[in-house]
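One structure below.
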Amino acid sequence: MGKDKIQQIELKTRDILEQVLGKIIDLKPPINLAKVLEYFDVSLSLARFKVPSVAGAFDKRLKMIYLSKDEPYKRQFFTAAHELGHLVLNHKKNFDVFYRQQLSEFNGLSAEARAKEGKASEEKEANYFAASLLMPEELVKKFWNEKKDIELLAAYFGVSRSAAYWRLKNLKVI
Ligand SMILES: [Zn+2]
């Protein structure tokens, strides 16, 4: 994923947050994702998938996100934001299936991740979107300057430790 795309996604999530929730610096995480989904007229449904490695899915025409009942809340939270990313970023596919292992593939830094980039660029973009929406840059930097603790940061933003870690990496904070 190139710098331009990253910049574009950061601007997009900033716009959405300001539009729906107000000034970013005044927001109290976790981000109110329910309100953001409502703004885009997207519904959520908890489901049990036949394939256990599926974390979520999105039906673009129905504007319906399906989340696995069996996943912990933090993963459901991230998965829902990922699926919203496909809609907001105008990705072409009408039906997205998100696998559990993809949750940790959004860093774009590892060699394997880079090798996969061509095939899975929309997945990466949706992951980047989710991280950027749920962990706005300004708030992450402010929190990090005060606490310098990944566990606390993850708990504060309602995401997994690895999501928090990669957000810090991508923002070049660590
Ligand atoms: Zn996806």
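Taking helices (runs of 4 or more DSSP H) as the structural unit, those lying wholly within the range 105-170 and holding at least 3 residues that are within 14 Å of the ligand (Cβ to nearest atom), within 19 Å of K74 (Cα to Cα) and modelled with pLDDT of 95 or more correspond to 121-134. Here is the figure for the range 77-91: residues that are away from the ligand (no atom under 11 Å from the Cβ) and in contact with a Lys or Arg (Cβ under 9 Å, 6 or more places away or on another chain) total 1.
The set of residues in the range 22-56 that are part of a loop (DSSP other than H, G, I, E, B), touching a Lys or Arg at 6+ places or on another chain (Cβ under 8 Å), closer than 16 Å to F129 by Cβ and not aromatic (F, W, Y) contains only V42.
The values are calculated or read from the model by the stated rules, or taken from the named source; none is laboratory data. These numbers were taken from a predicted model, which means no experiment stands behind them. When we count neighbours, we look across all protein chains shown, and the Cβ atoms used for this are built from the backbone with ideal geometry, even at glycine.
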